[in-house]
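FYI, it's all coordinate maths here, none of it is from the lab. As the structure is a computational prediction, the values presented were derived from the model and not from experiment. Glycine also receives a Cβ, built like all others from the backbone with ideal geometry; neighbour counts cover every protein chain displayed.
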Amino acid sequence: MGENLTRKIIAAHLVEGEMKAGSEVAIRIDQTLTQDATGTMAYLQFEAMGVPRVRTELSVSYIDHNTLQTGFENADDHRFLQSFAAKYGIYFSRPGNGICHQVHLERFGVPGKTLLGSDSHTPTAGGIGMLAIGSGGLDVAVAMAGGPFYLTMPKVVRVELTGALPPWVTAKDVILEVLRLLSVKGGVGKVIEYGGPGVRTLSVPERATIANMGAELGATTSIFPSDGETRRFLAAQDRERDWVELLPDQDAAYDEELYIDLSRLEPMVALPHSPDAVVPVSEAGEVYVDQVAIGSCTNSSYQDLMQVASILRGKKVHPRTNLVISPGSRQVLEMMARNGALADLIAAGARILESSCGPCIGMGQSPPSGGVSVRTFNRNFPGRSGTADAGVFLASPETAAAAALTGKLTDPRQLGEYRKVEQPQKYLIDDGLIIPPAQDPSQVEVLRGPNIKPLPVNAPLDDTLTLKVLLAVGDNITTDHIMPAGPKVLPLRSNIPAISEFVFYTVDPDFSGRAREAAGGVIIGGHNYGQGSSREHAALAPMYLGVKAVLAKSFARIHRSNLINFGILPVIFADEQNYHNCRLGDILQIENVRKQLQEGDVLTITNLSTGITFAAYHRLSPREVAIVLDGGLLNYTRNIAG
Ligand code: MIC
Ligand code: SF4
């Protein structure tokens, strides 16, 4: 049996472990990326490791999330990140240069290499044939220091694409269809590998859209082969030298297979409030639209925005609807400024935002109360837009443009003839906003503002845990629930004491006070606890508040790793019925924690408030057990180093 693409790349980077699905492996990381909202912590952690220069082939620090600068905090963080990058051998992509995933695809991604990024949408680079994985900042810090990345060896799912997309049907509709079929937890523990003759019909930016939103499946990553189309894209980016052909073996084996005939797809939309609540646009009913937002790392490539410009040219946005557009990168924006398409967007009434995440992370452009926003983004979790009762629909740029013109959710096929925008032969190349590291690091001083507080340290885990239930929540709790973003909270990412006030704020505003008072507690969760972003603040801030364990039915991959990295014990109910036996305010006790963790997979938990004793699985590898017992990865690394 031949090998699939995923296993080939893992094998070429394997440092430790056996490539058996479900067991822990460690891989070498070639490239890393950070963004500013997770980067400050990642670099403070890297600094704590005492390594003078990054040991990767390439590390890039992007500024794209916190560009509103409502106070000094973000600007201070930017200055810190720029000086840190210069000193430690990291490329620095300045604010205005674009969204990390878009820019990385354009300027740095290399087929066959591994990329670890402190952002859950790092798999976007799977569109160019990289094995690109999102993780918490601490894992990225370890990779920058030359350490391997530990992951559970994934199953590999082949998605066989046949046919070609009909007019008005796009890459976004492909991934929405996959989400409809697999759900937001259908990808956990898996890599989604695309193949089949349909792949050839998709450009690299289209593949990147599909790989990007594989994050919403909970997948470890998604990947496309590197073929002639990849070569064409790299050549147009003046990087043909980075191209290598990368295909699965003809007789490659897969753990699961899924078939999608592109020619049978139609425009799709994800209804509020989950990316897998997908229906065809034609069946969504009559929905009036207050706002259309086009952009984000999913759908703001040159091809996407040129398509939107061609739809809007000579027309006006509907009076009911606001249209905002955030281009994915400066390359995209500048090319459209030079070829006139930007003028078409402006003339149509679009409000042009800077090249950054912007509304996708709730940094401005919140919809009105009870309003409807159609967005080309990847997440429509409740409250993420900044308006608690708004309904966010996720759709393609074509569907979004149609809604902007008609003022209601509209199947774009109603717009008439489709003229597909072709990719450019040559992109505009100007890396002037990417600053290389300093030649002489000794000349660089790292500049810290008053908002950058020292890293909180955790103590080793107690041997008897007596924990108050601080909160009990249902299935699919997102990191946006645990640690919200938006203009009030995001500027506090480098200040854990301040940001910890907002933990679970939208779920229960009393949470942080209650947690601090209890000085030691546990959170009860349902399935897929911690889905969504990579933000380690969703572990770090609860840790700061005294959370020692999370007891859930199942966990999302990145959040589970973040909990372990900060010394919080993630445990799974052996019998899900016991979820109902853990109520707010109950006291749970786990005795002989060290012995139980080291000797087997089962933990015995007693609910002192009800007298019920039940079992839970910890599912930790021996390395993870040691990390949790030490109070987190930083302590563990220090202890190993002696
Ligand atoms: C997101 O889309 O939620 C973010 C903001 O990009 C996060 C990272 C963060 O919280 O800083 C992600 O996806 O990892
Ligand atoms: Fe930025 Fe949104 Fe992409 Fe996250 S999902 S990286 S916030 S554009």
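The DSSP beta bridges internal to the range 505-627 are antiparallel in roughly 50% of cases. Neighbour counts of other Cβ atoms within 10 Å put Cys582, Cys360 in the fewest-to-most order Cys582, Cys360. Counted without the sites themselves, the longest stretch of the chain free of GluC sites (Glu not before Pro) in a DSSP loop having at most 11 other beta carbon atoms within 10 Å is 19-285. Could you list the residues of the range 484-526 with an amide nitrogen less than 14 Å from a label point located 7 Å from the Cα of Glu47 in the Cα-to-C-beta direction? From the range 484-526, the list is 494-496. Between the beta carbons of Gln598 and Asp475, assuming R0 = 22 Å, the FRET efficiency works out to 0.10 to the nearest 0.05. Each Lys and Arg Cβ is given +1 and each Asp and Glu Cβ -1; about its Cα centre, the chain then shows a dipole of about 840 debye.
If R0 is 51 Å, what FRET efficiency do you get for Arg55 and Lys316 from their C-beta distance, rounded to 0.05? So, using R0 = 51 Å, E works out to roughly 0.40.
The alpha carbons of the range 534-574 occupy a box of 28, 21, 12 Å along the principal axes, longest dimension given first. Listed peptides 600-608, 465-473 appear in the order 465-473, 600-608 once ranked by packing, highest mean of other Cβ atoms within 10 Å at the front. Derived value for the range 1-120: Kirkwood hydrodynamic radius 15.8 Å. Basis is the mean of 1/r over every pair of different alpha-carbon atoms. Its relative contact order, with pairs defined as Cα atoms under 8 Å and 6+ residues apart, puts the range 368-511 at 17 percent. Taking every DSSP bridge with both residues inside the chain, close to 35 percent are antiparallel.
Structural descriptor for the range 356-405: relative contact order 35 percent, calculated from alpha carbon pairs under 8 angstrom and at least 6 residues apart.
Measuring between their Cα centroids, the range 516-569 and the range 580-594 lie 15 Å from each other.
In sequence order, the range 266-271 has phi-based couplings of 9, x, 10, 8, 9, 7 Hz under the Karplus curve 6.51 cos²θ - 1.76 cosθ + 1.60, θ = phi - 60°, and Gly or Pro positions carry x. Across the range 234-251, computed HN-Hα scalar couplings (Karplus, 6.51 cos²θ - 1.76 cosθ + 1.60, θ = phi - 60°) run 5, 5, 5, 8, 6, 9, 4, 4, 7, 7, 9, 7, 8, 10, x, 5, 3, 9 Hz from first to last residue, x flagging Gly and Pro.
Using the rule -39500 (n - 2.57) for each DSSP H run of four or more residues, divided by the residues of the chain, the 222 nm mean residue ellipticity is -8000 deg cm²/dmol.
Computed from the C-alpha gyration tensor, the three semi-axes of the ellipsoid equivalent to the range 313-454 are 34, 24, 12 Å, from longest to shortest. Normalising the Debye intensity of the range 215-312 to I(0), with uniform scatterers on Cα atoms only, and taking log10 at q = 0.17 Å⁻¹ returns -1.25. For the range 163-289, the fraction of C-alpha pairs more than 17 angstrom apart is 61%. One way to sum up the overall shape of the range 424-472 is the equivalent ellipsoid from its Cα gyration tensor, whose semi-axes run 46, 23, 12 Å, largest first. Each residue of the range 68-194 gets 166 Å³ once the volume of the Cα convex hull is shared out per residue. Counted over all Cα-Cα pairs of the range 541-611, pairs farther apart than 17 Å make up 49 percent. A straight chain from Arg241 to Ala164 at 0.36 nm per residue would run longer than the Cα-Cα distance by 24.8 nm. The alpha-carbon positions of the range 451-585 define a convex hull whose volume is 100 Å³ per residue. Spherically averaged projected area of the convex hull of Cα atoms, the chain: 26.5 nm².
Working from Cα pairs under 8 Å separated by at least six residues, relative contact order for the chain is 14 percent. Look at where the Cα atoms of the range 196-269 and of the range 302-379 average out, and the two centres are 26 Å apart.
Three principal axis extents of the range 508-637 based on alpha-carbon atoms, in descending order, are 39, 38, 25 Å.
Pairs of Cα atoms in the range 136-194 fall into 10 Å distance bins, from 0 up to the last occupied one, in shares of 17, 34, 27, 18, 4 percent. Evaluated on the range 276-357, the Kirkwood hydrodynamic radius is 13.5 Å, with distances taken between all distinct Cα atoms. Taking every DSSP beta bridge that has both ends in the range 24-163, the antiparallel portion is near 20%. Take the Cα radius of gyration of the range 183-251 and divide it by 2.2 N^0.38 Å, N being the number of residues; the result is 1.19.
When all alpha carbon pairs of the range 14-73 are counted in 5 Å bins from zero, the resulting P(r) reads 4, 14, 16, 19, 15, 14, 10, 3, 3, 2 %.
Each residue in Leu115, Leu182 was given a count of other beta-carbon atoms within 10 angstrom of its own, and listing them fewest first yields Leu182, Leu115. Net charge in the neighbourhood of Ile260 (other residues with Cβ under 15 Å of its Cβ; Lys, Arg +1, Asp, Glu -1) is -3. Derived from the Cα gyration tensor, the three semi-axes of the equivalent ellipsoid of the range 381-476 are 45, 34, 13 Å, largest first.
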